[in-house]
Structures are given as structure tokens and as C-alpha cells.
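Quick notes on the structure that follows.
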Amino acid sequence: MDIIHSCFKAQIGEVVLPGDVFRFNVSSVEDDSSVKAEKIICGPGLRRNGDEIQVYKSGILRHKQPNLYWIDSQQKRYVPVKGESVIGIVTAKTGDIFKVDVGSSEQASLSYLAFEGATKRNRPNVQVGDLVYAQFIIANKDMEPELVCIDSCGRANGMGVFGADGLLFKVSLGLVRRLLSPQSEIVKDLEKIFPFEMVVGLNGRVWIKAKTIQQTLIVANLLESCENMTAQQRQALFKRVADGAL
Amino acid sequence: MRETPLSNCERDFLLKSIEAKKRLDGRQTYDYRNIKITFGTDYGCCTVCLGKTRVLAQVSCELVPPKDARPTEGLMFFNLELSPMASPGFQSNRQSELLVTLNRQLERCLRNSRCIDTESLCVISGEKVWQIRVDVHVLNHDGNLMDAASVAAISALSHFKRPEVAIQGRDVTVFSPEERDPVPLSVYHMPICVSFAFFQQGTYLLVDPCEKEEQVMDGLLVIAMNKHREICFIQSSGGIMLLKDQVLRCSKIASVKVSEITELISKALENDKRVRKEGGKFGFAESVAKERITVLTREEAPLEMTDVQATADEIISKADAPPEVVPSPVIVATGTGQVGEGLQSTWGLEDDDDEEEEMSDLTEREKKKDEVMVISDSEEEEVVILNQAGQSKCS
């Protein structure tokens, strides 16, 4: 186990580029009978090719105990992944499915039965142009992605149509992941300025609603400017805003 | 890939914020985004950044037989291209409506206004003339492509130099730049497009709409004008009924913007010329700021931070006679010119007082205070008619 991990260890938290290779000797791992065969999981940006693991995205190598490795990259184009929650825009109603734009190369489909409490009689009220917060149930490269607005128990669980007013805007996928991470400081700092509602989709879309239009715009601009700022810069900026606005 | 649709919530929000005189990026109604003009190492190559919109223009020339009807005139050819690089919604080999409109407008702006002396492009009458070809490529689309394209095209044309030729009898010798210095085109004037977006059937007006604003606008008015305040072309699309006053007001705003942009272009050209003469380094690569990660940079969004009403009253009470505020273009790096620094508006036209960066620019705001221009139907402001010559030229 240590043999595999040791080849990653030096690079954790470092920038890696596409084409970088992590080598380990499979035979030596297998021969060494004293250690149990241990698996590692390659997350986004890493791919196994025989004896080596190749990097195919540029970004920072991350590690999560016990055996998960992935690349934290800053791309903008979303690629659907099963189980991820996204914000979609309904673009068409065709028969019993809605077409939803999620910012990926293809539109996703959303069945009208995939809402909480929806039956054949009781159709959900969804209009073209509405925002939906939904989860991918099918997402692979060969098929049209499919969304649902219910969890496995049939509950909405926060999903469904939303956004009567408020502002929708796009940020990079890296920033979205930073916003959603449990130890994220950005949201904690931001909510000290004034209260607002926020919906964050993993496809890079963020919806904000604050008390007034001006406040909504401030929050949106602040979030966008968080994209490339250090923690100190961000705190200084937020402090300036808080002093000025309140 | 299809274009990202506009959701109902974005549309409602944009219209509401326009009603409240706010824009997404914190600009004022009449503000342009930052304009940056950069020249490449070759003559006649120019990129223009208008906020996040980015356009590249390249001028080239070749010797061709002239048209039979005009044997002594050179030819001008314009071509604008929208590639999927600019926006995933664009397809490379499809004649979309937007593409046709932009091409046509660019042609009207630059060819029909006769800003380039075509007679001087004649080499042998009836046999050989120069054909000047302007290729405009949109590199990134964030709204207002027309203005960016027109600035890029005219800057590239003013920057371009064609090879020197010598005629002996029937023989034409084209000299390489090493043998004889290339000659610049004779540019009579610089027509520049200024776009106005109208909302709510013309009740609200915005200068330099960004992409999202373009998606919700009702109508668009494009005015091409030169610094002598002559209108080169004017086009209204979207089918809204504009009042005479509104068009006149727009042309007045356009004249201010055009004089500023013209000054910026000439500054950028001068700067590039100086650097070339001194033998310094020039071109796109040189104008990139070094030791900075440029991929993810975005212009810092101007934020409205102070409580509005209190300061506004204070400013009004303190305001005195407005001096002429003409922003001076900044030269960021060699081969570039730029107006505005992102955070505060440096345009002469300043109106609403509900935006403030810090209290320290109070003095500057006082100066601008009296130039308030509000667009709405009920208006008491005096209408100034532009010079008649300019009006008659409007096609």
C-alpha cells in the first residue's frame, strides 16, 4: 500500500499538468505478500494506464484518506456526472419530458413524473425558462443525461422548480466546488455582510437572491471576484464592503 | 452546441435592475466597458478588447484587376467571422442572421463612408489596383460585437502599410519592406460605431450592452460617426418606435463616445509608432503583463459599496461648475492604449449618483455632477442638432 501512496505523496497539494505520470511497480506490490492488496481510487483528472497513473487535467493534486486521489482543476465547461446536483434551465416541454439546459454539450431530459407528488393526473407546474435544481440519475458519454427532482425515497429534498426572482450567473467549476466544500470560508464570510439566499449547482451556475436588487448585485459581483483572490484579499474586500454598506 | 438559453429569472432581474438604473457590472447607463487596443508585430494587425468581448482584425492587400465601372479605384473587402471559439452558440460555416447583419454593418460603416482613399490604391488604371482585405475575427463574445469590430477594423486600417510599387512602362515592381519603406493607407476619417440598447419599448437606454443585456433588449440603434460629428450610418433594429428626440440624444452621446475612442485609437497608434521607431519591442506578446497568470484574470467588478442616498444629497449641495473632463488614455504596456481602469468611471458623461467606490473620489464626482443626462420620455433638456452636413450624409 505504501508503495502506491508514496509515489503520490510528494505531489499532494502541488500543481500537476496533463501528461504527468505517477509510476508504481505492479509486480512488486503483488509479490510483497506481507501487505494486503490495496486499492486506490482515481478521481477526476487521473486515469490508470497499465503500470502508471496519468494526469489528464491541469490543477492541484488532492488526496482524501484513505485512498482517494483527484485533481482540483479550474475548468468552465461542465460535464455531467451521475449523482451531481445542478441548476438547469427548462428549454422545451415535449410530451412527458422536459428538456433542460445544464451547460453541458447536450441537453438533459427531465421526466414530469420525477417531481415530488407528481402523478399522471397531477402534473408539476413547470414553464419554459424556469430554473430547476435537479440531480443526475443517468450521465454517461453514450446516452442523453437524465435528471430527477426527487431522491430515492420520492422526496423533493430541496430539489424542484425555484427562482421566482433573484439572479442567476455563472462561475468556474472550481469556485463552485470551493463554495460547496463544508470547510469553505467564502460563504461564511459572505453571509456576515447581509442575509441572502443562494443555490449552487455543480455545473457552475449560482443563483442569488438578497433583499434588494443592489444587494443581489453586490453579492454576485463579490462571488465572481472570489475566483482569483487569496483569503486575505477576500477578507479585506468583504470588510470594506461591510463597512460601506452597513 | 446550442446557445445557453436565458431563464425567466434572469430576464426579470435584468429588466428590474435596468428600471432601477443598475447594470450587472456596476456601470452607469452611458458607460463603455474598458477598451484596450493592441497592435501585433505585423502592420495591419489589431486586437480590441471591450470588456470581455475580444476582436482581432487583420488587413492584407493584393494586386487585382479593377472593376470595369471604376478602373481607377482600389477595392475594399470586409469579412467578419464568428467562430465557435467566441461563443459555443456560433457555428463556423453557417450564415447566421447575426453574421450577415454584422458584415453588412461593417461594410456600410467603412466602405460606404469612404473613409479610405480608394483612388490612391490604383497602380495602373484599368489593369492593376490594390485590393485591401479586412478580416475581422471574433475571439470572445460578450456583447456589442459591432462596436468592437468597427474599432478593430479602423485601427487595423490606420495601422496597415502596403508595399511600395514602382511602374516602368507596363512593368510593376513590388518592393519588399526591406527594399523600400511600405506606405500607409490614406485614411480620411475614422467612423466608429456606438450601439444603444433600448428596453421596455424605448423607455430605457443603455450604451454598450453586454451579452445578457443584448438578450433582453427590445431594440438596438447603431450609430457610426466620426470625430467631426458626421454620421456615417445609422441603423435601428428590433422594430421599436423611437422618438426623434431619442435619436438626436443618442447621436449626441455617440459624438462624445466617438471623440473619446478616436483619441484612444490615435494614442495607441502613436504609441506603437514610437516604439517601432525606437526599435523597442512591440506586438501582442509584449503587451502581456509579465509574471502574472492571465488565464483566469477578470476585471475587478466595480461594486456599489456605500449607502447611496446620503452621499448623493451631499454631492448635489457641494456641486459647482463642471469643467471639461476628458479622460486621458492610459498606456499599460508597449503597443497598447486603454481608457478607464475598471473601478471608477472615467467617461465624461456621468449621470446617476448612486454608485460610489470610496469617499475619496468625491471631488471628482462633484466635477461631473452637472452633466446629468437622463433618458426617459419626459424630457426638458435642450436638443442640440448636429451639424447639417453630418445629417445629410446619414444613409
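Where a number appears in this text, it was derived from the coordinates with a stated rule and is not lab data. Computed from a predicted model, the values in this text were never measured in an experiment. Neighbour counts are summed over all protein chains in view; Cβ atoms, including those assigned to glycine, are modelled from backbone coordinates with ideal geometry.
At a 10 Å Cβ-Cβ cut-off, how would you order A:Leu179, B:Leu80, fewest neighbours first?
A:Leu179, B:Leu80
Out of all Cα-Cα pairs in the stretch B:102-214, roughly what percent, to the nearest whole number, are more than 19 Å apart?
Percentage above 19 Å: 58.
If the cut-off is 19 Å between C-alpha atoms, which lysines fall inside it for B:Lys252, apart from same-chain ones fewer than 8 positions away?
B:Lys227, B:Lys244, B:Lys368, B:Lys369, B:Lys393
Just to be sure I understand the model, the point goes 7 Å from the Cα along the line to the Cβ. What's the resulting B:Leu243 to A:Ile12 distance in nm?
Each label point is offset 7 Å from its Cα along the Cβ direction, giving 6.9 nm.
Run lengths n ≥ 4 of DSSP H only: what is the helix-derived mean residue ellipticity at 222 nm for chain A, with -39500 (n - 2.57) per run over all residues, to the nearest 500?
The helix-only estimate for chain A comes to -6500 deg cm²/dmol at 222 nm.
Report, ordered by chain and residue number, the lysines lying within cross-link reach of A:Lys209, taken as a straight Cα distance under 17 Å and ignoring same-chain residues fewer than 8 apart.
A:Lys170, A:Lys188, A:Lys192, B:Lys16, B:Lys22
Just to be sure I understand: of the beta bridges DSSP finds with both ends in chain A, what percent are antiparallel, rounded to 5?
Roughly 90 percent of the beta bridges in chain A run antiparallel, per DSSP.
Give the calculated FRET efficiency between A:Asn140 and B:Val187 to the nearest 0.05, with a Förster radius of 45 Å applied to their Cβ-Cβ distance.
Calculated transfer efficiency: 0.20.
Can you list residues whose amide H is under 5 Å from B:Cys232's amide H, if they're 5+ apart or on another chain and H is modeled 1.01 Å from N?
Long-range HN contacts for B:Cys232: B:Ala224, B:Met225, B:Asn226.
For the pair A:Arg123 and B:Asp42, what calculated FRET efficiency results from E = 1/(1 + (r/R0)^6), where r is the Cβ-Cβ distance and R0 = 56 Å, to the nearest 0.05?
For R0 = 56 Å, the calculated efficiency reads 0.35.
Please state, to two decimals, what the Cα-based radius of gyration of the stretch B:21-161 comes to when divided by 2.2 N^0.38 Å (N = residues).
Normalised Cα radius of gyration, the stretch B:21-161: 1.16.
Would you pull out the residues with amide H under 5 Å of B:Ile116's amide H, same chain only if 5 or more places away, H placed 1.01 Å from N?
For B:Ile116, the qualifying residues are B:Tyr188.
For the stretch A:104-114, take each phi angle, set θ = phi - 60°, evaluate the Karplus expression 6.51 cos²θ - 1.76 cosθ + 1.60, and give the result in whole Hz per residue in order, putting x for glycine and proline.
Result, rounded to whole Hz: 9, 5, 10, 6, 9, 10, 9, 6, 6, 7, 8.
Given R₀ = 30 Å, FRET efficiency for B:Gln91-B:Lys67 by Cβ-Cβ distance, to 0.05?
0.40
Which of A:Asp142, A:Asp243 has the fewest other C-beta atoms within 10 Å, and how do the rest follow up to the most?
With the sparsest Cβ surroundings first, the list reads A:Asp142, A:Asp243.
Take the stretch A:84-162, compute every pairwise Cα distance, and split them into 5 Å bins from 0; I just need the percent in each bin.
Taking every Cα pair in the stretch A:84-162, the percentages come to 3, 17, 31, 27, 16, 5, 1.
Quick one: what are the phi-derived ³J(HN,Hα) couplings along the stretch A:130-147, Karplus 6.51/-1.76/1.60 with θ = phi - 60°, whole Hz, x for glycine and proline?
Coupling constants for the stretch A:130-147: 6, 9, 10, 9, 9, 10, 7, 10, 10, 8, 9, 5, 9, 10, 5, x, 10, 10 Hz.
Where does the stretch B:23-287 land on the Kirkwood hydrodynamic radius, alpha-carbon pairs, in angstrom?
On the way: mean 1/r = 0.0514 Å⁻¹.
Taking the inverse mean of 1/r over all distinct Cα pairs, the stretch B:23-287 comes out at 19.4 Å.
Starting with the highest mean, order B:113-121, B:89-97, B:248-256, B:32-40 by the number of other Cβ atoms within 10 Å, averaged over the residues of each peptide.
B:32-40, B:248-256, B:113-121, B:89-97
Among A:Ile138, B:Ile223, A:Ile4, rank each residue by its count of other Cβ atoms within 10 Å, from fewest to most, as a rough exposure measure. The partial results should precede the final answer.
Working: A:Ile138 14, B:Ile223 25, A:Ile4 20.
Sorted ascending by nearby Cβ count, the order is A:Ile138, A:Ile4, B:Ile223.
Provide the per-residue ³J(HN,Hα) series for the stretch B:44-55, in order, calculated from phi with Karplus coefficients 6.51, -1.76, 1.60 and θ = phi - 60°, each as a whole number of Hz, with x at glycine and proline positions.
The phi angles translate into x, 10, 8, 10, 10, 10, 10, x, 8, 6, 9, 9 Hz.
Based on the alpha-carbon gyration tensor of chain A and its eigenvalue square roots a ≥ b ≥ c, which shape applies: rounded if a/c is under 1.5, prolate if not and a/b is larger than b/c, or oblate?
Oblate, because a/c is 1.5 or more while a/b does not exceed b/c.
Compute the orientation-averaged projected area for the stretch A:167-243 from the convex hull of its Cα atoms and round it to one decimal in nm².
In nm², the orientation-averaged hull projection of the stretch A:167-243 is 4.5.
How far apart, in nm, are two points set 7 Å out from the Cα along the Cα-to-Cβ line at A:Met229 and at A:Gln75?
Label at A:Met229, label at A:Gln75, 2.8 nm between them.
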